[in-house]
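> Below you will find the structure I want to go over with you.
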Amino acid sequence: MSRQIKIGNLTLGGGAPVRVQSMTNTDTMDTRATVEQTLRMVEAGCELVRITAPDVKAAENLGRIKEELLRRGCKVPLVADIHFNPKAAEVAATLVEKVRVNPGNYTDRNTGKLEFTEQEYNDELKRIGERMSSLIEICKAHHTAMRIGTNHGSLSERIMSRYGNTPEGMAQSAIEFAEVCRQQDFHDLVFSMKASNVKVMVDSTRLFVKKMHDLGMDYPIHLGVTEAGDGMQGRLKSAAGIGALLLDGIGDTIRVSLTEDPEAEMPIAYDILQAVGARITQPEYIACPSCGRTQYDIQTALREIKEKTKHLVGVKIGVMGCIVNGPGEMADADYGYVGSGHGKITLYKGKEVVKRDIDQKDAVDELVAFIEGDSHSHINTLKH
């Protein structure tokens with residue numbers, strides 16, 4: 001388990017729920033547009049909002065954005081996204097709850113140099129500490145967290161010279177920054193290994209976590225497949241990468257990166273968390289694909305059940321085609337809706353039969369009425 005840190009009023013890591021975050025795509029200098037989009041993101045379930053700060057002016061405007069959000073009753077923590085401008089990071093760290101820096105392009109020089117001697121490599125590493133010192137001190141003074149976000153394809157020349165564009169290079173780059181922060185007694189850190197390639201993202205994150213634990217570190221981990229695209233492909237790539245690591249027990253916050261409006265990312269994030277059992281925010285349905293033994297319209301029944309029970313957060317409902325495999329394969333369900341003959345349904349609570357041979361036209365309503373009337377059900381109608 002990772003250590004727990006605070007990002008404004010939000011707890012992250014250390015057994016806290018896996019947090020869902022996203023990033024605005026408005027012009028940061030357009031305060032109104034950024035505020036409006038942030039509010040829509042929060043309404044969709046976003047718990048941490050990242051905003052780009054490419055220069056000092058944009059970093060300064062984060063303060064105005066924060067003020068307007070607070071005026072409108074929104075206390076969501078903000079993250080400044082920094083790439084090439086250390087001064088922008090220092091300004092932003094005084095205004096928002098977290099800054100994100102990329103080791104590959106935040107401090108290392110871009111000279112076209114392809115080879116580094118051992119001395120040159122170590123000298124550059126030393127300069128990283130010196131150049132990071134000011135930002136670290138500002139973060140400590142303002143209780144601002146920092147994400148060290150390594151991206152595949154944007155590793156520094158120094159790292160590339162020794163490790164190449166590999167998961168090893170990504171993990172090592174982040175470890176070096178972790179050591180710099182630890183030497184300066186700064187620990188409000190989050191780390192991420194981002195790639196558009198799912199395997200690279202998974203491999204580099206696993207490798208970083210192992211390296212971190214071997215060094216006695218336990219910082220929270222941010223998960224995401226960057227540049228995943230849109231539509232089904234973007235969703236599947238995100239689910240594969242994020243889900244695999246969550247099942248490993250790795251991950252304290254996630255971002256589903258889609259080439260769509262940011263609000264579209266939150267439902268997918270919560271679906272992924274639900275699928276791996278990391279965070280339950282909706283009902284769960286265990287439904288068979290049906291076969292020739294199914295003697296009722298299971299597809300229509302499932303749609304109706306989902307529509308009428310969508311408020312029953314945390315309840316597991318089995319919708320099965322027949323009694324041959326149904327009762328056994330839905331053993332994990334709290335309630336069951338199982339075909340028992342031509343147009344007939346039997347209802348279950350757990351493994352126990354509640355009522356047999358109900359006409360399909362009445363069965364969905366009877367199931368819903370039974371669940372809602374069951375004094376022992378664990379219904380939770382909260383949205384998140």
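> Based on the Cβ-Cβ distance of Glu130 and His213, what FRET efficiency does E = 1/(1 + (r/R0)^6) give at R0 = 35 Å, to the nearest 0.05? Don't skip to the answer; put the middle values down first.
Values: r = 28 Å, r/R0 = 0.79.
Efficiency at R0 = 35 Å is approximately 0.80.
> Run the numbers on the chain and let me know its relative contact order in percent, using alpha-carbon pairs under 8 Å that are six or more apart.
Working: 763 pairs, mean separation 46.5, N = 384.
With pairs under 8 Å counted, the relative contact order is 12 percent.
> Heads up, I need the accessible area for Leu95: 1.4 angstrom probe, whole protein in place, Å², nearest 10.
70
> On to the next question. Quote the accessible area belonging to Glu329 in square angstrom, nearest 10, computed with a 1.4 Å probe and with ligands, DNA and RNA left uncounted.
120
> Then there's this: Please work out how much length the chain gains when fully extended from Met29 to Asn325, using 0.36 nm per residue of separation minus the C-alpha to C-alpha distance, in nm with one decimal. Working shown, then result.
On the way: separation 296, 0.36 × 296 = 106.56 nm, distance 5.90 nm.
Working it through step by step, the gained length comes to 100.7 nm.
> Between Gly234, Gly292, Gly318, where does the largest GNM mean-square fluctuation fall for the chain, given springs only between Cα atoms within less than 10 Å?
Greatest mean-square fluctuation among the candidates belongs to Gly292.
> Need the full-extension length gain, His142 to Asp365, defined as separation in residues times 0.36 nm minus the C-alpha distance. One decimal, nm. Could you put the intermediate results ahead of the total?
Working: separation 223, 0.36 × 223 = 80.28 nm, distance 5.52 nm.
Net length gain for the segment: 74.8 nm.
> Shifting gears a bit: Mind telling me which of Met41, Met193, Met330 comes out most flexible in a GNM of the chain, alpha-carbon contacts under 10 Å?
Met330
> Sticking with this one: Scattering from the C-alpha atoms of segment 255-384 alone, worked out with Debye: what is log10 I(q)/I(0) at q = 0.10, 0.14, 0.22, 0.23 1/Å?
Debye intensities relative to I(0), on a log10 scale: -0.34, -0.63, -1.26, -1.34.
> Another one. Run through every distinct alpha carbon pair of segment 1-69 and return the Kirkwood hydrodynamic radius in angstroms, one decimal place. If you can, show how the numbers build up before the last one.
Working: mean 1/r = 0.0765 Å⁻¹.
It is 13.1 Å.
> Using the alpha carbons of segment 1-123, what is the convex hull volume per residue in cubic angstrom, as a whole number? All intermediate terms of the calculation are to be shown ahead of the outcome.
On the way: hull volume 17.3 nm³, N = 123.
Value for segment 1-123: 141 Å³ per residue.
> Something else about it: Taking each pair of different alpha-carbon atoms in segment 223-278 once, compute 1/r for the pair, average those values, and report the inverse of that mean as the Kirkwood hydrodynamic radius in Å to one decimal. Intermediate values should be presented prior to the final figure.
Working: mean 1/r = 0.0919 Å⁻¹.
Taking the inverse mean of 1/r over all distinct Cα pairs, segment 223-278 comes out at 10.9 Å.
> I've got another one for you. If the viscosity is 1.567 mPa s and the temperature 4 °C, what translational diffusion coefficient in µm²/s does Stokes-Einstein give for segment 127-272 when Rh comes from Kirkwood over Cα pairs? All intermediate terms of the calculation are to be shown ahead of the outcome.
Working: Rh = 15.8 Å.
Using the Kirkwood radius from Cα pairs, D works out to 82 µm²/s.
> So for segment 261-384, averaging the separation of alpha carbon pairs under 8 Å that are six or more residues apart and normalising by length, what relative contact order in percent results?
Working: 208 pairs, mean separation 28.2, N = 124.
After rounding, I find 23 percent.
> Of all the accessible heavy-atom surface of segment 94-203, with the other protein chains kept in place and a 1.4 Å probe, what percent is carbon and sulfur?
Numbers: 2120 of 4410 Å².
That share works out to 48 percent.
> Assign one of three labels to segment 86-207, namely rounded, prolate or oblate, based on the Cα gyration tensor with a ≥ b ≥ c the square roots of its eigenvalues; rounded applies when a/c is under 1.5, prolate when it is not and a/b is larger than b/c, and oblate otherwise. It would help to have the intermediate numbers written out before the result.
Working: a/c = 1.95, a/b = 1.32, b/c = 1.48.
Oblate, because a/c is 1.5 or more while a/b does not exceed b/c.
> So, one more: Distances longer than 12 Å among the Cα atoms of segment 326-377: what percent of all pairs is that?
Values: 780 of 1326 pairs.
For segment 326-377, the fraction of Cα-Cα distances above 12 Å is 59 percent.
> Something else: Taking the DSSP beta bridges in the chain as the whole, what percent of them are antiparallel, to the nearest 5? Mind dumping the intermediate values first?
Values: 15 of 50 bridges.
Taking every DSSP beta bridge with both residues in the chain, the antiparallel ones total about 30 percent.
> From largest accessible area down, sort Leu155, Leu223; use a 1.4 Å probe on the protein chains. All intermediate terms of the calculation are to be shown ahead of the outcome.
Values: Leu155 20, Leu223 0 Å².
Highest to lowest solvent-accessible surface, that is Leu155, Leu223.
> Got a number for the accessible area of Val354? Probe 1.4 Å, square angstrom, nearest 10.
Rounded to the nearest 10, the figure is 60 Å².
> Given R₀ = 51 Å, FRET efficiency for Glu120-Arg71 by Cβ-Cβ distance, to 0.05?
Working: r = 51 Å, r/R0 = 1.00.
In this case the efficiency is close to 0.50.
> Let me ask you something else. What do you get for Rg/Rh over segment 195-304 if you use C-alpha atoms and the Kirkwood form of Rh? Write down the numbers at each step before the final one.
Working: Rg = 17.1 Å, Rh = 15.7 Å.
Result: Rg/Rh = 1.09.
> Further question on the same structure: Would you mind working out the accessible area per residue for the chain, using a 1.4 Å probe, and quoting it in Å²? Walk me through the numbers before you get to the answer.
Numbers: 16970 Å² over 384 residues.
On a per-residue basis, the chain sits at 44 Å².
The values are calculated or read from the model by the stated rules, or taken from the named source; none is laboratory data. Bear in mind that the values here come from a model prediction, so they are computed numbers and not experimental data. Neighbour counts are summed over all protein chains in view; Cβ atoms, including those assigned to glycine, are modelled from backbone coordinates with ideal geometry. The protein model used for the area step is the full one, side chains on, heavy atoms only, and it has no ligands, DNA or RNA in it. Shrake-Rupley method; radii C 1.70, N 1.55, O 1.52, S 1.80 Å.
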